Amino acid sequence: MVRRRIVSMVALVALLVALFAALSVSAQAELTRVRIAHFSPDAPAVQIFINGQRSDIQTLRFGDVSGWVELLPGTYSIAVVPAGAGLDAAAIGPVNVSFAPGGWLTIAAIGSLNAGTLTVGTVNEAYRTLAADEARVTVFHAIEDAPAVDVILPDGTAIVSGLSFGQGAVLNVPAGTYSLSVVAAGTTGPAVLSLPNTALNARTFYFVAATNTLSNPQVALSVVGQSRVAPLIGKRNLPSIAAIVAGDSRFDTLEAAVNAAGLTGALRTGGPFTVFAPTDDAFAALLSALNVSAADLLADTALLTTVLQYHVVVGSAPASEVTRFTALPTLLPNSQILVEVRDGRVFLNDTVEVIVADIAASNGTIHVINAVLLPR
């Protein structure tokens, strides 16, 4: 009998370890990188809004290319707004843009404000580790009144062909010094732009954009050494607490409650937090006991906020940390969750059990519980 119990416990531990490992792996996603370029010659300085909020991307003036910003893969609402204005004054967007895992996407504001042709052009640069003698060059056509162009060597050899306004081309070339000309597609001159004696260093990423107007062409340039981006290539990260809740069908009611209480932003970018997450079944049991509907609960935002704050502890605490305490202070002022370990199981406030522990998020830890915690 004892032997059978030991075998069963070992099997259970193995199952839980496998489950937590699977949760950790499935939650991981390779980050995507985005940068913004301002190539509209008559547009003012702009700022970038992402999902309705001003982003951390710096204010951009004509010719500027921002640094890379890391985002979790997914679809985002992007808007280009005159500096100092609100989202309702957006010159471009909001438009939905989808970012794939591992992407390196440059989004350029192009066209003319006066002509009403402002739009965006995108190019996926797909950074990867370069060979020891290799450079990567992205060429982007941002001159609205120029024809499609080729980029040619002095002997007329085209290294980029038929590049139209708003399009980009990415190529790997041996490091060295090049004399390049940008000409109308299918010709060898006259040059729209001349780039004599252009040095391309090994293991370096170049972004070269032809900008402004055909009568006064300019070049916008960004140069990034591989040593600066090498730690980012293939980097993976965990989704936020909010993203995990939104993507897990066990937490549909919790997600609706968080949204109704206006706490989604805090659980997406705030923290770190430890969240004790009730399942849909836990909420259903509470609603049945109270004889109220989910709609009634979601409509009472004051009550929702109080209850949800009681499920959140400041700091990221794995189960090994939680069980060191007999009480945990919560975001709800002057309120604690009591912690007790009985027969290897973790209980909160005497009766609420932690049924899945240690779901890691980018901004904290989630522990799944089988009932809704009510402030004591």
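The values are calculated or read from the model by the stated rules, or taken from the named source; none is laboratory data. Fair warning: this is a prediction, and the values are worked out from it, not measured in the lab. For neighbour counting, all protein chains shown are included, and Cβ atoms are generated from backbone atoms with ideal geometry for every residue, glycine included.
Confirm whether residue 284 is at pLDDT below 95, small (Gly, Ala, Ser), closer than 19 Å to residue 261 by Cβ and surrounded by 18 or more Cβ atoms within 10 Å (Cβ to Cβ). Answer is no for this residue. Of the residues in the stretch 73-92, not one is among the acidic types (Asp, Glu), under 19 Å from the mean Cα position of the chain (by Cα) and exposed (fewer than 14 other Cβ atoms within 10 Å of the Cβ). Screening residue 144 against (1) assigned to a strand (DSSP E or B); (2) crowded, with 16+ Cβ neighbours inside 10 Å; (3) not small (Gly, Ala, Ser) leaves a single unmet condition, (1). For residues that are of a type outside the set (D, E, K, R), surrounded by fewer than 18 Cβ atoms within 10 Å (Cβ to Cβ) and without any contact (Cβ under 8 Å) to a residue 24 or more places away in the chain, scanning just the stretch 226-248, find the one that is nearest to residue 34 (Cα to Cα). In this case the residue turns out to be 231.
For a quick check of your reading of the model, give me the residue pairs whose first member lies in the stretch 179-201 and is on the phi > 0 side of the Ramachandran plot, whose second is among the aromatic types (Phe, Trp, Tyr), with beta-carbon atoms closer than 9 Å and at least 6 apart or on different chains. Correct list of pairs: 197/178.
The criterion of at least 2 residues that are closer than 22 Å to residue 250 by Cα and either more than 26 Å from the chain's Cα centre (by Cα) or touching a residue at least 24 places away in the same chain (Cβ under 8 Å) (or both) is met by the following helices (runs of 4 or more DSSP H) wholly inside the stretch 270-376: 280-290, 294-299, 301-309. Take residue 222 and decide whether it is in contact with a strand residue (DSSP E or B) (Cβ under 8 Å, 6 or more places away or on another chain), surrounded by fewer than 16 Cβ atoms within 10 Å (Cβ to Cβ), assigned to a strand (DSSP E or B) and of a type in the set (Gly, Ala, Ser). When the stated conditions are applied, residue 222 does not pass them.
Within the stretch 93-111, if we keep just the residues that are of a type in the set (Gly, Ala, Ser) and assigned to a strand (DSSP E or B), the residue that is surrounded by the most Cβ atoms within 10 Å (Cβ to Cβ) turns out to be 108. Of all residues in the stretch 162-177, those that are in the same structural domain as residue 135 (by TED's automatic domain parsing) have Cβ atoms under 9 Å from Cβ atoms of residues that are part of a strand (DSSP E or B) and of a type in the set (Asp, Glu), 6 or more apart or on another chain, in 162/150; 163/150; 172/134; 173/134; 174/134; 175/134. Selection of the stretch 306-356 for residues being exposed (fewer than 14 other Cβ atoms within 10 Å of the Cβ), closer than 29 Å to residue 260 by Cα and among the hydroxyl-bearing types (Ser, Thr, Tyr) yields only 351. If only residues of the stretch 159-197 that are under 27 Å from residue 120 (Cβ atoms) and polar (S, T, N, Q) are counted, the one that is surrounded by the most Cβ atoms within 10 Å (Cβ to Cβ) is 167. Considering the conditions (1) in contact with a Phe, Trp or Tyr (Cβ under 8 Å, 6 or more places away or on another chain); (2) touching a residue at least 60 places away in the same chain (Cβ under 8 Å), residue 123 is excluded by exactly one of them, (2).
Filter the stretch 257-269 for residues that are assigned to a helix (DSSP H, G or I) and surrounded by fewer than 17 Cβ atoms within 10 Å (Cβ to Cβ); which is nearest to the chain's Cα centre (by Cα)? Once the filter is applied, the top-ranked residue is 269.
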